[in-house]
Amino acid sequence: MDYILEFDISALFISFAALLIFVYKKDRHKRQNRTFLVLILTQVLTTVCDLVGAYTIKNNLSNLWVLSNAVNLIYFISHTFLPILFTIYILDLTGIIKRHNKALGLIFVPYLIFFILQITNPFTHLVFTIDPNLNYHKGPLILPMYLTALMYLILCQILILRFRTTISLNRFLLLTAFTMIILASTVIQFFVPRLLIECFVQITMTLCLLITVDNPSEIFNLTTGIYNRNTFLLDNINFLRNKVSYKVIIIKILNEEYYMSTLGYAYMQEILQSIAQWLVLITSEDCVYDLNNGNFAILLYGSKIKKADQITTYLTNRFSTDWLHKDVILSLETQICDIDVPADVNNVESIVTIVDAPGIKQNTRVSVIKREQLSFMQRIKAIQNTISFALDNNLFQVYYQPIYDVQANKIHSAEALARLHDEELGFISPEEFIPIAEKNGSIIAIGQFVFEEACKMFSIEQLNGIGIDFLEVNLSTVQCNNKKLSQIFLNTLNHYNLKPSAINLEITESAAINSQETFLQTIKDLNNSGFTFSLDDYGTGYSNASYIFNMDFDIIKIDKTILWEAEKSPSALIILQNTVRMIKELDKKILVEGVETKSQRDLMVQMGADYLQGFYFSKPLPKLDFIQFCKMFNRTH
């Protein structure tokens, strides 16, 4: 037969190119990739045998009759094996094999039958016959072999379509193209055998898959060399879709950002790389992932789950000791999350929530978070999402808690307080969402929103007319790190035709004590612009009151816990009395928080407090309710 050898020659060169690329990529960590390597090697063998066999027949090299029979036999054995390998690759890629690992042997049954029939071909001639004159004849087994190969390819395409959501769009399109083009080439090869197009098409499509589908930048984190976040997500989707029970161990380096800022980005990347390499050593290359921002994951399934406790112990012991890198000692604060899937969580969204949730600060350097604490982490992340959504959709509200003026016997001001309500989470207390907002920086937007709402409220509702002298707005430490804060506030005031005296800014005691240079400069700028200040939460555990002298506070707000303790303990009452006397002698106004009963009100009036705030007068109220309350209270007192 007059075979066209050019396709096989080209296929041979492409095969070696594919091998070189694969070796260069060193992409042999997962079983699916090792299967891919066997697929390439089998294609090389198939192409060589096809080329040698066709060459001997085309050139009628009768002296190579034995060789021609041998290479053709090897060709059919390897050629029949190719669709099996591709099917295993797809099963691995979609995760099906992790659930039905024991059933893998069933895939080989048709091949084993054909293999037995093929190796007996010299005696039965069921596959092919080559006589001493090198005349080639197809045997009766050829058609069943090709039909079985087509069956495997069709099965692969069904699996690709069935498990579309477990693979990326890029993979889906290329794998679909692969099966369709291979199907077409198989049909052409069967009806036009002289073209020898099948090997060429197979290896060409394999090379395309190698270059595009298994691109290292899509699979690996190029810095640490282990699997990246995208691969982690796809692997979890595969496991969950195939109902595999598995374990995820998440390692969070809580002070990664601190070391990044102090040691530099490049240095910290080296540290993360060394951590990744160590994680690979205690587990294996095919189960460690870099999830970005100092987060790593170990994914265990099957028999590997038995090693979970041992791995957690390794992690705890290692991160409990210092890391030494280039003569620098690092104490890495670490959180280890131990997650059983689907017992603890049953969807990818929940896993990602735990990965991205802020770490839970504890007293120990290494903390292990298990089932009972995972829901807390999920709530933190859910609140983060709610804050972001609320800011984007203007869903925050501002409530106003009235402040009573003892001398004037009226409501003279109010504290503006942010309120957040979510359809799913319900009411979220400021004590819960404010610390989260401060940590992720969204407190800046929340603070500006509250400030602007307070200005709008004071201006539009003309609060002076109902006896309100000013509104109090809390100022976070994070806001004060903005050197332009004073100008931003002044611009807002100008927009509503207000003077700085309309807004009194509150600073917490902890912020005043731990203030930095930028903080102090911002406070000074605000003060010079005409804003007055209150010191909030005074007495919450700090003994050094020197910061009262350094900052020009008009009002000192005594924390509610001091008042509540004073009712129960004579010693606490003495502390409260002396605190009030000291503040009075400093010529500062006193506001007492947490006044809830008449006896508490009378006690603080007797001690000489200037202002009182608490549920005895009113809880925080929405804008319209607050206005109505002030009108009624000030009219009747």
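Against the conditions (1) open to solvent by less than 20 Å² (accessible area, probe 1.4 Å); (2) assigned to a strand (DSSP E or B), where does Ile351 fall short? Just the number, please.
(2)
Any chance you could count how many residues in the range 145-162 are crowded, with 16+ Cβ neighbours inside 10 Å and within 30 Å of Lys58 (Cα to Cα)?
So the count comes out to 5.
Just give me the residues in the range 394-433 being touching a residue at least 60 places away in the same chain (Cβ under 8 Å) and loosely packed, with under 14 Cβ neighbours inside 10 Å, in sequence order.
Matches in the range 394-433: Gln407, Asn409.
Which ones in the range 113-137 are in a helix (DSSP H, G or I), in contact (Cβ under 8 Å) with a residue 40 or more places away in the chain and either out of contact with any helix residue (DSSP H, G or I) (no Cβ under 9 Å at 6 or more places or on another chain) or surrounded by 16 or more Cβ atoms within 10 Å (Cβ to Cβ) (or both)?
Passing the criteria: Gln118, Asn121.
Select, from Val368, Val341, Val355, Val345, the only residue that is hydrophobic (A, V, I, L, M, F, W, C), modelled with pLDDT under 90 and in contact with a Phe, Trp or Tyr (Cβ under 9 Å, 6 or more places away or on another chain).
Unique residue meeting the criteria: Val355.
Scan (1) open to solvent by less than 20 Å² (accessible area, probe 1.4 Å); (2) in contact with an Asp or Glu (Cβ under 8 Å, 6 or more places away or on another chain) for the single condition Asn221 breaks and write down its number.
Evaluating Asn221 over (1) open to solvent by less than 20 Å² (accessible area, probe 1.4 Å); (2) in contact with an Asp or Glu (Cβ under 8 Å, 6 or more places away or on another chain) leaves (1) as the failure.
What are the pairs, 6+ residues apart or on separate chains, where a residue within the range 163-179 that is farther than 16 Å from Thr87 by Cβ and open to solvent by less than 40 Å² (accessible area, probe 1.4 Å) has its Cβ under 8 Å from a residue that is among the basic types (Lys, Arg) and modelled with pLDDT under 75?
Every condition considered, no pair remains.
Among the residues of the range 357-387, write down those that are assigned to a helix (DSSP H, G or I) and either closer than 23 Å to Thr313 by Cα or open to solvent by 60 Å² or more (accessible area, probe 1.4 Å) (or both).
Across the range 357-387, the qualifying residues are Arg371, Glu372, Gln373, Leu374, Ser375, Phe376, Met377, Arg379, Asn385.
Name the one entry in Ile142, Ile97, Ile158, Ile182 that is closer than 16 Å to His79 by Cβ, of a type in the set (A, V, I, L, M) and either under 32 Å from the mean Cα position of the chain (by Cα) or at pLDDT 90 or above (or both).
Ile142
Scan the range 563-575 and tell me whether some residue there is over 22 Å from Ile411 (Cβ atoms) and either surrounded by 19 or more Cβ atoms within 10 Å (Cβ to Cβ) or touching a His at 6+ places or on another chain (Cβ under 8 Å) (or both).
yes
Consider Leu279 carefully, then state whether it is in contact with a helix residue (DSSP H, G or I) (Cβ under 9 Å, 6 or more places away or on another chain), in contact (Cβ under 8 Å) with a residue 40 or more places away in the chain and farther than 14 Å from Ile226 by Cα.
no
Let me confirm something: among Leu209, Leu233, Leu240, Leu222, which residue is more than 19 Å from Val352 (Cβ to Cβ), touching a helix residue (DSSP H, G or I) at 6+ places or on another chain (Cβ under 9 Å) and assigned to a helix (DSSP H, G or I)?
Leu209
So is Thr231 open to solvent by less than 20 Å² (accessible area, probe 1.4 Å), without any contact (Cβ under 8 Å) to a residue 60 or more places away in the chain, under 22 Å from the mean Cα position of the chain (by Cα) and closer than 27 Å to Thr313 by Cα or not?
Yes.
If you scan the range 590-630, which residues turn out to be touching a helix residue (DSSP H, G or I) at 6+ places or on another chain (Cβ under 8 Å) and either open to solvent by 90 Å² or more (accessible area, probe 1.4 Å) or farther than 29 Å from Gln397 by Cα (or both)?
Scanning the range 590-630 gives Gln600, Leu603, Met604, Met607, Gly608, Ala609.
Which residue is surrounded by the fewest Cβ atoms within 10 Å (Cβ to Cβ), if the candidates are limited to the range 261-274 and must be free of Cβ contacts under 8 Å to residues at least 24 places away in the same chain and not aromatic (Phe, Trp, Tyr)?
Across the range 261-274, the extreme among qualifying residues is Ala266.
Looking at Ser303, Ser320 in this structure, which one is polar (S, T, N, Q), on the phi < 0 side of the Ramachandran plot, open to solvent by 40 Å² or more (accessible area, probe 1.4 Å) and at pLDDT below 90?
Matching residue, one of Ser303, Ser320: Ser303.
The values are calculated or read from the model by the stated rules, or taken from the named source; none is laboratory data. Since the model is a prediction, treat every value here as computed from it, not as a measurement. Because the Cβ atoms are built from the backbone with ideal geometry, glycine has one as well, and the counts that use them run over all protein chains shown. The protein model used for the area step is the full one, side chains on, heavy atoms only, and it has no ligands, DNA or RNA in it. Shrake-Rupley method; radii C 1.70, N 1.55, O 1.52, S 1.80 Å.
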